[in-house]
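Data first, discussion second: the structure below is written as structure tokens.
The values are calculated or read from the model by the stated rules, or taken from the named source; none is laboratory data. Nothing here was measured: the structure is a model prediction, and the numbers come from that model. Neighbour counts are summed over all protein chains in view; Cβ atoms, including those assigned to glycine, are modelled from backbone coordinates with ideal geometry. Just the protein is used for accessible areas: all its heavy atoms, side chains included, with ligands, DNA and RNA removed. Shrake-Rupley method; radii C 1.70, N 1.55, O 1.52, S 1.80 Å.
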Amino acid sequence: MARLKNSPSHGTKKKAIILAFDGTETPGYLSPGLLSRSETMELLTPEGEYRQVPTGNVKAVYFVRDLEAPGAPERKTFLSRPKLEGLWVRLEFRDGDVMEGIVSQDLMEVIDKGIYVTPPNMNGNLQRLYVPQKALHKLQVLGVVGAARRTPTMPP
């Protein structure tokens, strides 16, 4: 493993926990903008070590407020129709795990190498997550939310 001075520098790093399919969680700092550009994720651990994690083993990347707190979502489904603007989706992972969230209405972002998802409970430690496309078995759109509704105008 290389130390920080050997690692490439790519913009702002965010607090994140990488969740592998075997259940292991690796906390550290990574650049969200680089996640969909490579077959590996570049992570800087809290100890200052640089690691490259193969994307094929990653179930999700949790962007968190605190690296010491649990990263897993406190709730995996919405209790009622979400109010955030975007596509309300149900994610089914390769391991059978299911979760709901909100994704961008821009379909070009959804069909990239992975998607950014806003979780059902944004008040917890988990603020946002990234799910590699290879981690998903199925993505189902449950609805379009937050779009302004137009009322029909009556002709004079």
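If the condition is being part of a loop (DSSP other than H, G, I, E, B), surrounded by 14 or more Cβ atoms within 10 Å (Cβ to Cβ), touching a Lys or Arg at 6+ places or on another chain (Cβ under 8 Å) and at pLDDT below 90, then the stretch 1-37 contributes only 31. Taken together, 60, 72 contain a single residue that is at pLDDT below 90 and not acidic (Asp, Glu), which is 72.
Of 40, 45, all but one fail to be more than 15 Å from the chain's Cα centre (by Cα) and either more than 18 Å from residue 21 (Cα to Cα) or open to solvent by 50 Å² or more (accessible area, probe 1.4 Å) (or both); the exception is 45. The set of residues in the stretch 48-64 being in a helix (DSSP H, G or I) and open to solvent by less than 30 Å² (accessible area, probe 1.4 Å) consists of 55 alone. Picking from residues in the stretch 65-77 that are among the acidic types (Asp, Glu) and over 23 Å from residue 34 (Cα atoms), the one that is most open to solvent (accessible area, probe 1.4 Å) is 68.
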